[in-house]
Structure formats: structure tokens, C-alpha cells
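Before any comments, here is the structure.
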Amino acid sequence: MFRKVLVANRGEIALRIVRALRDLSIRSVAIYSDVDRLSPHVRYADEAYHIGPAPARESYLNIERIIDVAKKAGADAIHPGYGFLAENSDFAEACAAAGLTFIGPTPESMRLLGDKVAARKTAERANVPVIPGSDELTSLDDIRRAADRIGYPVMLKAAAGGGGKGVRVVRSADELERAAAAAMQEAKAAFGNPAIYVEKQLWPVRHIEVQIIADQYGNIVPMGERECSIQRRHQKLIEECPSPVVDPLLRRALCRAAVRIARQADYHNVGTVEFLLTADRSFYFIEMNTRLQVEHPVTEMVTGVDLVKDQILVAAGEELPYDEAELLTRGWAIECRIVAEDPFNNFLPSVGKVMLAREPAGPGIRVESALYDGIEITPYYDSLLAKVTAWGRNREGARTRMKRALTEFRVEGVATNIPYLLQILDTPAFIAGDIDTAFLDRYQVQPSEPVEEQRLAAEVAALLFTTGAIEDGRRPAPAAPTRAGRSEWRRQMTLSTGGSWWRNS
Amino acid sequence: MEKFVVSDGNGSAATYEIERLAGGEVRVRREGSDTWHTAQLEAVGNSGLFLLLLDHRPVELYIQERGRNGAVVTIGRHNLKYEVERWRPSLLRRQESRRRPTGLIEVTAPMTGTIVEVGCAVGDRVEQGQVLLVMESMKMNNEIRAPATGEVSAVEVAPGQRVNAGQVMVRIRAAGADETGNH
């Protein structure tokens, strides 16, 4: 077993991993950039090392520096989390070369699965259906030829991508040039590799994915599916486990396909095999994420398994302590991603200081977050602030708990998508489980003006606050008057109130 | 009884009467309404969070000071800015004159980021909603659109440039003299 593990990540996922390490009595090593000095993942770890300035390229993506820190700290393994270096086979190799265990798949199976084009070939060899598509392309001519062959509408995707970045939908040939240029630029900015591939756009579809975990002894356990169809610009927003449309027969077929792909790539680690499910209930492999996934808590809530803990155990060479038949699932879980984007202002990223963060709690609620009062939300990293997961005995139970939790969640200082999430949870289509990946195109954010009741409350609060009519008189004394008019105002106020008219005694 | 004017910065104002009752209770009435509301405001620790009991209904609010007589009240997702002044007959008239319409609009950066693309030039006529430029923040490209129809009078950024939230990027002379500066 490992004695000390470096967590090569930040934010809520770094904290999640630090917690799993503590549960396993393994010492944790945090790394942090300039702007993350006070992050909870730093505070809760056993050791913490500064690794560079805020831009990810110079800190959380700096392989050499991270390996140096791991050696200096005497770590025997590195957990990459998700994003950053989690699917970078160079990093996995650098870890191995430095005598460190990379908590993830081998570089070989990463190459067979991590790159989307290679993954398609692996899936085809494993006899799993794939979406019609192209190879990895970097020239506009090749992209145009591929799109013409496949037939519009097509999607352009970053070959090295994940998390929906660099994805473009092209409906007709005349949109292609502009979209391809933008997709390649985004792919280069996000992943350092401009290569993209072209894929047929199936319509309408659900995004269904299967969580698996595999040890080094050939045991591959599928843990059921997650439904992640609620996406905005290909970025998942709400995920649930199980899916409202997957019955036991379909689940079995999905799980078998996922296991075949993992076996084909000699895979060991946690992993997620993603599929598109069409209305006629056929499914197509889209990609495999060879890492822990953002939405892993929904699977944990219904299976009771600690995926991060078990991921660390299989990386340390232990055998999985359960097989598929022993896994019991119970109830329903829904996760909402809370992001610093303003739904009422075209989802612009909201940066700035979080003055106040109050997270929800109570039965069935789990919050993964690295928020704290005073945290500065910077433009350097993605906009995920927190994940709220709600468990219920059934879908409706999970949904109503989620609504309650989101209503309790208070983030002051930066705008969040919480009001939009609440609107989505209340749409009849979501309640009925009638969702597909275009759901959010149909249910865009509804404008919300303060209702008369809220206006009255806000005005009364402003009135009591500024005139000092607060219960405990906590408001600081007003500054010295600066103008004659102010002095007059103050004098009158004092005369008419005896100076302290709001006090109880 | 006291009388105050609570104005919201968008030019609308409400007059409130406020009265302290025996037992320390405060009641307020919005002018034009017959209803008196009991009200109690108390800070929750030092966090900026307040509990307002309005007719015994609890409302959590986040309140920040704003100048000497002002407050920014956050209720739900709404940030509302208020100025509170003692009522006097001339006050409402003065409020009116503060709303000065302007034909020159500044398009400011809504967040810190990097300019990816500039799609307008000085002298261009732009329609409301037209994309002026594209900026990148949090690994996403965001389109910045014209808040009103008019003529571009200045472009103060170039592709690759880093901009801070609030920085002026483009100036537009709005078409029509009755345009306001709201954006």
C-alpha cells in the first residue's frame, strides 16, 4: 500500500482525493498555484507545496515540476484527479520513469482509449458499435472531405479533448470553414493539440455512460449507468444514476459493451465508457474517460462504493473486494454542477470574490466543493464551484431534495447557475425524465425579475440597515458628515429619535 | 413617526413611514399602501448575512454598505442597490434630474480574460445584439454583443490583449438622441 500520495490537482476534486487518502490512512501531498494558497485542498492535506503561478501551464500542467515535488516530498504515487494531466500519457510515463505510481491506467491502455480516434478503433475491435466518423485531422481540406462523406449535420471534436471543450456542430457545408478554424484553435488552447475529428451527429440522443472499475488481475466490475443528457454547450450540468430509460436488459447490454472495451485495452483503474442512446434504444460508443469523472458521486450514492478509495487500492495492486453480483444499488441520485456563470447574462463567467458561501446539508445531500468565504474566483481555471448530489428512494425523491438543497445554497459575490438549475428541475419534461442532449436548447433560462414581495423585503431591509434600525445595533457608526446638508440630516435624526430610537431598551 | 425615501438607482423611489412601537417593535408602511408591516432586521454573525422578519416571515438577505446612506441588498439572485434619505418635499424632484440620458455607450469587459477576435472598427454601424468581439475566459470563448444600435466611435482593445473586468473595450455612439446609457 502507498504511504504518501501527491494529488496533482486543485479545487473540489483535490479535496475529494485528500479525503479518500485520509480514510485510507495514507499521507497526502497537495500542490498549489499562487492563487490557490488558501484552498481547502491545501489546508486539509498533510503537506503542501507551491508549484508556480496561476496559469495552469505553469503550475498544474507543469509535469517536470510536479514530479520534482513528488520526489522531494517522498511520495510513492500521484493521483491526477480529472482534467489537467489526468489523461496525459506523457505524464503517466514521466511518473513511471521517476519510480512513482500513476493512479490511473497504464500509458499503453491510455493511448488505446484516451485519444478519441484510437478509442473508436479499440471499440470496433471489441465489437461495440461506434458513430460514423473520421480519423484525426488537421487540414481544412481533409475535414471538408470527411464531412461530405459522413453527411451533415456533423460534429467537430478535439482529438485530445474531453469535457466538451472544442466541440462544434456544423449543420451545412458553408458553416464548415469558420467552425473548423474555431474548433482547432480551441483544441490547441485547451489541449495543446489542434487535431480534430469529424463525426455524424445523431439526433435526438441521450448521453448514457457506464462506470467501471478494473483491477490488475482481470476483474472488471461495471457499476451501472449514469444519465448525463442535461448539457449546455456539451458541458454536463445535471447527471443522474440510474437513467430513467435504461431497463435491466439494456443496462446489461451497456455494461457488457463497457467491459469488452476495457478488456480489449487491458484496462485497470476506474473509467467511464460513454455512449449515445437513440430513441430506438440502440447505443453507440463515443469515448472512454480513463480517469475519475466529475459526476462519480451519483454512482457512489446509489452503490455505496467509494470509487476514489477503490481506485487507489487497485492502483496499489490490490484485488477488487467485490464483483458485479455483489454490488447492490439502492434509490436514485442526481448531481447538479454549480458553476460561476451568470445564467441571466448569457452565461458569462463570473469572476471575483465569494463574500459568503453557505452550503446545503441535511438528509440525502452531499456537497463536493472547495468554496470558502473570501475565495477569489479567477479566470485561470474552469468555472466549477461545487457539486451538489441528492439521494432519494426514487427519482422524484432525489429531485425534490435537490430543489431544497439548491434553495439553501448561498453564494454571495459571484453569480452562479443555481437559479437556472432550479428552473430546469421544475420543467415538466425533466420531471417526466423526458430528456435528451438538446434539452437545454429547448428550455433556456427564463428571465426572473424580483417579485413585489422581494422588492418590499429588500427595500425594508435597506431602510432598517441604513437608518440603523437593526436589532443589535451592529451597523458601524456613520462617518462624519461631509456636507452641510448631511449635518442637518444628522441633527434632525438625533432630535427626533433621541439618538437611539431603534434600541430596545 | 419618520419618513424616508428609498431610491433604487434606476430612478424609481418609494417613500416609507417607519414607526417604533412599544416593546421595541418597528413597523413600516410604503406610501400609497394601507398596510403596515412589522419588521425586524438582525445580522447573522459578521458574515454580511441578515435575517429580516417581515410580518414574521423570515427572509435571508445579504447586505453590504454602499456609501453613507446606501446599501446593496441581495435577495435570491437579485442584487438591489438603494440610497436612503430622509424625506423632504424637494427630494423626489432632485432624483428625477439625476437621470441623465447619454448617447455614448461604453462596452466594458464583463469578466477578466483575453481578446480573441475584434469584429468591429471605428466608424462601423452596428446593430443591437451584433457581435463586437470575442473574448476568452475560463477556457471558453464569449461573444460580446452591442448593447444598442449605433456607430463605433472607439475600439480600445486588440486580439491577444488581456483585459480586466470593467475595462472599456469599445465605445458606441448610440443612434437616436433618446437612448439612455443603460447597458
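Summary of values
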{"read-out": "Under 30 Å from the Cα of B:LYS3 - lysines, other chains or at least 8 residues apart", "value": "B:LYS81"}
{"read-out": "All-pairs alpha carbon distance profile, region A:62-104, 10 Å steps from 0, percent", "value": "31, 64, 5"}
{"read-out": "Eligible lysines near A:LYS71 by straight Cα distance, threshold 17 Å, same-chain separation 8 or greater", "value": "A:LYS4"}
{"read-out": "Region B:104-174 shape via C-alpha gyration tensor axes, a/c threshold 1.5", "value": "prolate"}
{"read-out": "Region A:283-390: trypsin sites (Lys or Arg not before Pro) in DSSP loop, at most 16 other beta carbons within 10 Å", "value": "A:ARG330"}
{"read-out": "Charge tally in the Cβ shell below 12 Å around B:GLU127, where Lys, Arg are +1 and Asp, Glu are -1, B:GLU127 excluded", "value": "0"}
{"read-out": "Cross-link reach list, lysines versus A:LYS188, counting only Cα pairs under 18 Å and skipping chain neighbours closer than eight places", "value": "A:LYS116, A:LYS157, A:LYS165, B:LYS139"}
{"read-out": "Ellipticity estimate at 222 nm from DSSP helix runs (n ≥ 4, -39,500 (n - 2.57)) divided over chain B, nearest 500", "value": "-1000 deg cm²/dmol"}
{"read-out": "15 Å beta-carbon shell around B:ASP34, net charge (K/R +1, D/E -1)", "value": "-1"}
{"read-out": "Residues in region A:59-80 that a label on A:MET1 would reach, taking backbone N under 19 Å of a point 7 Å out along Cα→Cβ", "value": "A:75-79"}
{"read-out": "Per DSSP, loop trypsin sites (Lys or Arg not before Pro) in region A:7-57 with at most 11 further Cβ within 10 Å", "value": "A:ARG37"}
{"read-out": "Distance histogram in 5 Å bins (all Cα pairs of region A:4-103, percent per bin)", "value": "3, 15, 29, 28, 19, 6, 0"}
{"read-out": "C-alpha center-to-center spacing [region A:377-444, region A:99-129] in angstrom", "value": "32 Å"}
{"read-out": "Top positive-direction residue, dipole computed over region A:4-103 with Cβ charges, set A:ASN9, A:ALA48, A:SER89", "value": "A:ALA48"}
{"read-out": "For region B:1-154, diffusion coefficient by Stokes-Einstein and Kirkwood Rh (Cα), 4 °C, 1.567 mPa s, µm²/s", "value": "67 µm²/s"}
{"read-out": "Lys, Arg +1 and Asp, Glu -1 on Cβ, resulting dipole of region B:2-98 about Cα centre, debye, nearest 20", "value": "360 debye"}
{"read-out": "Spin-label model distance (nm) - A:ASP323 vs A:GLU396, 7 Å beyond Cα toward Cβ", "value": "3.9 nm"}
{"read-out": "Shielding by partners, peptide B:31-43 (average Cβ within 10 angstrom, other chains)", "value": "3"}
{"read-out": "Whole-Hz couplings from phi, Karplus 6.51/-1.76/1.60, listed for region A:246-253; x for Gly and Pro", "value": "8, 8, x, 5, 5, 4, 4, 5"}
{"read-out": "Test item: B:21-30 mean partner chain Cβ contacts at 10 Å", "value": "3"}
{"read-out": "Neighbour count of at most 14 Cβ within 10 Å plus DSSP loop: longest GluC sites (Glu not before Pro)-free window in chain B", "value": "B:32-126"}
{"read-out": "Structure-based [θ]222 nm, chain A - -39500 (n - 2.57) summed over DSSP H runs of at least 4, per residue, nearest 500", "value": "-10000 deg cm²/dmol"}
{"read-out": "DSSP-loop GluC sites (Glu not before Pro) across region A:276-335, with at most 15 other Cβ within 10 angstrom", "value": "A:GLU318, A:GLU319"}
{"read-out": "For A:258-267, mean number of other protein chain Cβ atoms within 10 Å", "value": "0"}
{"read-out": "Amide H within-cut-off set for B:LEU80, under 5 Å, with H built and near neighbours excluded", "value": "B:VAL73, B:THR74, B:ILE75"}
{"read-out": "Whole-angstrom gap from region A:183-233 to region B:1-15, using each part's C-alpha centre", "value": "54 Å"}
{"read-out": "Translational diffusion of the protein assembly as shown, µm² s⁻¹ [Kirkwood Rh, Cα pairs; Stokes-Einstein; 10 °C; 1.306 mPa s]", "value": "57 µm²/s"}
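We did not get these values from a lab; they are worked out from the coordinates using the rules stated. What you are looking at is a predicted structure, and each value in this text was computed from that prediction instead of being measured. Note: ideal-geometry Cβ built from the backbone for every residue, glycine included; neighbour counts use all protein chains shown.
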